[in-house]
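Just below is one structure, and these are the notes that go with it.
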Amino acid sequence: MICLLLALFAHLFPAAGSGVQERTFLAVKPDGVQRRLVGEVVRRFETKGFKLVALKLVQASEELLREHYAELRERPFFSRLIKYMGSGPVVAMVWQGLDVVRVSRALIGATDPADALPGTIRGDFCIEVGKNVIHGSDSVESARREIALWFRPEELLCWEDGAEHWLYE
């Protein structure tokens, strides 16, 4: 509860010069877990300076996946996507930082690995769009919805990051 109040206070009254801290949802998909890329994904977000506030290994239910990908339900690949995402464990994460949604999308790379630049997660580790290693929220609104689907409020940890002083003005 204290963490939620602190997050609300920080959102309403950001520190001078610090900008608004956002949260985003990321999930290392079953192919990324099977290929042992979880540590590499975490390393890239930590190195960038973002703060990890939640992480868990889950076997996602079909119900959760259908709700998560609800906006894609009319697409021809929807059933394959649900089956694939339920085919193995997923590492669900919440990251926090200045402009984290937009910057995360840049770190992840284009949805189609053929369009993803070298140096991005998908550009470095993916070949086909159907096995593109990672999901990242595409907007602040999507991040809020996805975080609420995958995590209970008490699973989001509020902790003091000593590196923030060296990252933000």
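The values are calculated or read from the model by the stated rules, or taken from the named source; none is laboratory data. Everything numeric here is computed off the predicted structure, so don't read it as measured data. With ideal geometry, Cβ positions are generated from the backbone for all residues, glycine too; neighbour counts draw on all protein chains shown. Heads up: the accessible areas ignore ligands, DNA and RNA and are worked out on the full protein's heavy atoms, side chains in. Shrake-Rupley method; radii C 1.70, N 1.55, O 1.52, S 1.80 Å.
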Report whether or not Val100 is surrounded by 12 or more Cβ atoms within 10 Å (Cβ to Cβ), in contact (Cβ under 8 Å) with a residue 60 or more places away in the chain, under 30 Å from Glu160 (Cα atoms) and in contact with a helix residue (DSSP H, G or I) (Cβ under 6 Å, 6 or more places away or on another chain). no
So which of Arg80, Arg152 is open to solvent by 30 Å² or more (accessible area, probe 1.4 Å), in contact (Cβ under 8 Å) with a residue 24 or more places away in the chain and out of contact with any strand residue (DSSP E or B) (no Cβ under 8 Å at 6 or more places or on another chain)? Arg80
Selection from region 124-169 of residues that are touching a His at 6+ places or on another chain (Cβ under 7 Å) and farther than 15 Å from Ser104 by Cβ: Leu149
Considering each of Val133, Val103 in turn, give the residue that is under 17 Å from Leu52 (Cβ atoms) and touching a Lys or Arg at 6+ places or on another chain (Cβ under 8 Å). Val103
